[in-house]
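The values are calculated or read from the model by the stated rules, or taken from the named source; none is laboratory data. Just so we're clear, the structure is a prediction, and the values are computed from it rather than from any experiment. Note that we place each Cβ from the backbone using ideal geometry, even for glycine, and neighbour counts take in every protein chain shown.
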Amino acid sequence: MAEQKKLVAEITAMDEDFTQWYTDVCIKAGLIAYSNIKGFMVYKPAGYAIWEAVQKHLDARFKAVGVENVYLPLLIPEHLLTKEKDLVEGFAPEVAWVTHGGSEELDERACVRPTSESLFSDFYRGEIQSYRDLPKVYNQWCSVVRWEKETRPFLRSREFMWQEGHTVHATAEEAEARTQQMLNVYADFCAEDLAIPTIKGRKTDKEKFAGAERTYTVECMMHDHKALQSGTSHYFGDGFARAFDITFQNKDNQATYPHQTSWGMSTRVIGGLIMTHGDDRGLVVPPRIAPIQVIVLPIAAHKPGVTEAAEEIVATVYDLLMIPFGVDTSAALLFFTTGDMGWDLLVYLLIRFLLTLSVYLIFGRRRLHSDDTRSMRQIALLSTAILILITLFATFTQEYRGESPPLFVISRGYALALALLILLIRSGIVSQGQARTELAVMERVMAEEPNQYEQNR
């Protein structure tokens, strides 16, 4: 307890100063550091690992609703930014401008993107000709620069990472439906993956995004009873389409302006996660997002047997993270997230294949062609054994449904193979039974044929 109190003393109590507590946690937990450029932060390994987990889970949700990832340039020419009046007025005080390329002054200055509506609109103008080209549902993971006057780790900085989705639709109804759909994606992500209570709603006209007709928000409830804007979804109508002269031929062969949306969630959500789950002892991260799940900390390691006991606990925990037959789940997930094929994954696939092949050779191929008679009891026992294997596979691979869909599909594929094996074996047994019956009939007929001949005479 003395050691715990010493560590806690380095963090300001929440009730004493919530703002300072938050900053202390961000720094002491090793999530972030201040750089030598005012307003710009360094994401340390632990902090960036949380953002990677957010990306992984959120991107999977995006793809499930038909979103495709793209990447557009970092710089926006001034003439593009100024095409939409409200957007310019909304972001003008925060824009960072590039005026020189090397030692030469640019013919036209360019801003470092504060948001990408202008770039996407200009891009869509060349991509859309017909209603058959719609909808376009794109997202990009990137960083943006906004010259904020006040900064705070994760919550507000002059450069921050985020995702920004931009879509274009043939009708207002489709665009509004996509706006609401992505708002619900954010709300579900915050509730299920981040374990943060949320409130969904519409922003007032004064608070809506620059250039938007309607802005919807997901507000996450913090420890200090305040709400933090964590994800927004905007319906633009055809305002950007008119400003950038984006038209398409509708089903009636008439030139029509499309309707657009945008939606985004940034690293601010990490700040919300800290303020929701953290306490006076420091950082608390929900299991689905936590980069480190278990830490074994030996106390009084100088005493005999303490280190050995800690190592034994580590080995036990490691074994619990292994699925049957020696599969390292972390290595398997690493392959599907980074493309790093590890030995554990190779062993995993090899053992699954050999298991399926062995069951077929032992119970299928060899016995299906034997003359040994099988009872219904044997069939039932065989089917039950394989079904148990299928159940075990399904149980141990259920966790991969959200963590690694490819691995989940492969695992269930093996289970399906075993199920088909049951059908194969039972079908073979039935076929053999029919063949034996037909053979017995033929043998009886052949044996009775001489007697029939004599009787006919």
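Of the residues GLY90, GLY101, only one is assigned by TED's automatic domain parsing to the domain that holds ARG214 and farther than 23 Å from GLY39 by Cα; which? Before you say what the answer is, go through the steps one by one.
On the way: GLY90 fails: farther than 23 Å from GLY39 by Cα.
Exactly one of GLY90, GLY101 is assigned by TED's automatic domain parsing to the domain that holds ARG214 and farther than 23 Å from GLY39 by Cα, namely GLY101.
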Residue among GLY66, GLY30 that is of a type outside the set (Asp, Glu) and either outside any loop (DSSP other than H, G, I, E, B) or at pLDDT 95 or above (or both): GLY66
Scan of the stretch 69-122 for residues that are closer than 12 Å to ALA243 by Cβ and either part of a strand (DSSP E or B) or hydroxyl-bearing (Ser, Thr, Tyr) (or both), ordered by number: THR82, SER118, SER121
Qualifying positions in the stretch 140-177 - aromatic (Phe, Trp, Tyr) and modelled with pLDDT under 95: TRP147
Residue ID - farthest from PRO291 (Cα to Cα), chosen from residues in the stretch 25-41 that are among the aliphatic types (A, V, I, L, M) and surrounded by 12 or more Cβ atoms within 10 Å (Cβ to Cβ): MET41
Residue match in the stretch 112-119 (condition: at pLDDT 95 or above, farther than 18 Å from SER233 by Cα and either more than 27 Å from the chain's Cα centre (by Cα) or surrounded by fewer than 19 Cβ atoms within 10 Å (Cβ to Cβ) (or both)): yes
Residue check, VAL137 at pLDDT 95 or above and touching an Asp or Glu at 6+ places or on another chain (Cβ under 7 Å): yes
Flag if PHE209 is surrounded by 15 or more Cβ atoms within 10 Å (Cβ to Cβ) and either outside any loop (DSSP other than H, G, I, E, B) or among the β-branched types (Val, Ile, Thr) (or both): no
Criterion: over 25 Å from ARG61 (Cα atoms), touching a residue at least 12 places away in the same chain (Cβ under 8 Å), among the charged types (D, E, K, R) and touching a Gly at 6+ places or on another chain (Cβ under 8 Å) - qualifying residue of GLU219, GLU213: GLU213
Hits in the stretch 143-170 - residues which are of a type in the set (Gly, Ala, Ser) and in a strand (DSSP E or B): SER143, GLY165
Selection status of ALA227, of a type in the set (A, V, I, L, M, F, W, C), in contact (Cβ under 8 Å) with a residue 12 or more places away in the chain and either in contact with a strand residue (DSSP E or B) (Cβ under 9 Å, 6 or more places away or on another chain) or farther than 14 Å from SER262 by Cβ (or both): yes
Complete set of residues in the stretch 255-264 that are surrounded by fewer than 24 Cβ atoms within 10 Å (Cβ to Cβ) and under 14 Å from VAL218 (Cα atoms): GLY264
Some residue of the stretch 267-279 being surrounded by fewer than 19 Cβ atoms within 10 Å (Cβ to Cβ) and either in contact (Cβ under 8 Å) with a residue 60 or more places away in the chain or among the basic types (Lys, Arg) (or both): yes
Looking only at the stretch 269-307, and only at residues there that are β-branched (Val, Ile, Thr) and in a helix (DSSP H, G or I), the one that is farthest from the chain's Cα centre (by Cα): VAL306
For GLU89: the one exception among (1) of a type in the set (D, E, K, R); (2) modelled with pLDDT under 85; (3) farther than 24 Å from THR151 by Cα: (3)
Among the residues listed as ALA92, ALA175, the single one being surrounded by 17 or more Cβ atoms within 10 Å (Cβ to Cβ) and either under 28 Å from the mean Cα position of the chain (by Cα) or not aromatic (Phe, Trp, Tyr) (or both): ALA175
Among the candidates ALA191, ALA255, ALA195, residue that is out of contact with any Cys (no Cβ under 8 Å at 6 or more places or on another chain), in the same structural domain as TRP21 (by TED's automatic domain parsing), without any contact (Cβ under 8 Å) to a residue 12 or more places away in the chain and more than 20 Å from GLY165 (Cβ to Cβ): ALA255
